[in-house]
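The values are calculated or read from the model by the stated rules, or taken from the named source; none is laboratory data. Predicted model only: the values in this text are computed from it and were never measured. Using ideal geometry, Cβ is built from the backbone for each residue, glycine included, and neighbour counts are taken over all protein chains shown.
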């Protein structure tokens, strides 16, 4: 369209404006997520291909593609769940947040009931669904994000009062924590506690109150470690994984993880060339996937993974800050809570693999084998994309 502009009696015709394309959501965030999922699928196959030859799993009769096919199936289900999650407006998520939290509590109770929950290696964390197993603790992470964000929005006017604002949230975390420790799953409890603390802090809780909460949580975890002989053994093994006792005991996984990363050097031994995954490194396709990445892709591969997760976490937090700036506090806290979840769990997993933290059973988000984790991670990131989409609609003058 040409618009005539009159300047001092002279007619000037304005040139046609170039069309501006506004993207509906953050495509960079989407493609980084897809890249991590695809890389994870390849690495799960590489890390699990030899499990069928391990005498420990002779009765299971695993085929070479067993874990690959199950992981691929989980990705398909996760993609469908993510599409559905993206369609749900944030105001609906806000209304459903308390009910989602209640549902997660019920599932955490059900998993502890014999003949309902499935026990593996002494831990009762899964509910069999026939074609797969569901881990309620993964749903509890997303439910805690939603509930804590909703809670802070409802308690915004009294957030400076400890007993009226913070204590009820603390009770909710304690209830979830007791159920998780009964499984036991201390790793999931750590993540959920950090999510709740992070949202309280980002929601504007008084700094002194937050400091008190932090001290109480640290003391609680210290008491749990002190009261559990096998947790104490893990701490001591972490401090000296190369001693004869620890290298063959509680430090076995850590020592072989470090051997794998050391073998990779700078450029790695090549995809599929890992030796440690050949029955030496336990849980190579789950908790210690980064060690296999370090062995096959070297320092370069580990640094690429760190940069991708760092960018992902930073971008999620930015979307959350943008939502809060648009006066969408619930959406902003949800996005930032998901950022805390992904960032903290990644930090713990990488720290364990690199020997910087004591061994703890937490998977690498988006990459490690585990259907429930993949589905919940994808649902959470789809919600972040929904928040970004609604931010863009508002900034264009629309309504959500």
Take the residues in region 214-247 that are modelled with pLDDT of 75 or more, assigned to a loop (DSSP other than H, G, I, E, B) and loosely packed, with under 15 Cβ neighbours inside 10 Å, then tell me which one is farthest from the chain's Cα centre (by Cα). 243
Please count how many residues of region 88-111 are farther than 18 Å from residue 172 by Cβ, surrounded by fewer than 17 Cβ atoms within 10 Å (Cβ to Cβ) and in contact with a helix residue (DSSP H, G or I) (Cβ under 8 Å, 6 or more places away or on another chain). 3
So which of 333, 310, 354 is modelled with pLDDT of 95 or more and surrounded by fewer than 24 Cβ atoms within 10 Å (Cβ to Cβ)? 310
Going through region 302-361 one residue at a time, which ones are at negative phi, touching a residue at least 60 places away in the same chain (Cβ under 8 Å), more than 14 Å from the chain's Cα centre (by Cα) and not in a helix (DSSP H, G or I)? 326, 328, 354, 357, 358, 359, 360
Condition first: within 18 Å of residue 337 (Cα to Cα), under 21 Å from the mean Cα position of the chain (by Cα) and either assigned to a helix (DSSP H, G or I) or at pLDDT 95 or above (or both). Can you find one or more residues in region 63-77 that meet it? no
So, in region 31-62, how many residues would count as being more than 19 Å from residue 281 (Cα to Cα), at pLDDT 95 or above and surrounded by fewer than 17 Cβ atoms within 10 Å (Cβ to Cβ)? 4
Have a look at 198, 177, 262, 204 and point out the one that is modelled with pLDDT of 80 or more and surrounded by fewer than 17 Cβ atoms within 10 Å (Cβ to Cβ). 262
Assuming residue 372 fulfils every condition listed in (1) under 20 Å from residue 71 (Cα atoms); (2) free of Cβ contacts under 8 Å to residues at least 60 places away in the same chain; (3) under 21 Å from the mean Cα position of the chain (by Cα); (4) surrounded by fewer than 24 Cβ atoms within 10 Å (Cβ to Cβ) apart from one, which condition is it? (2)
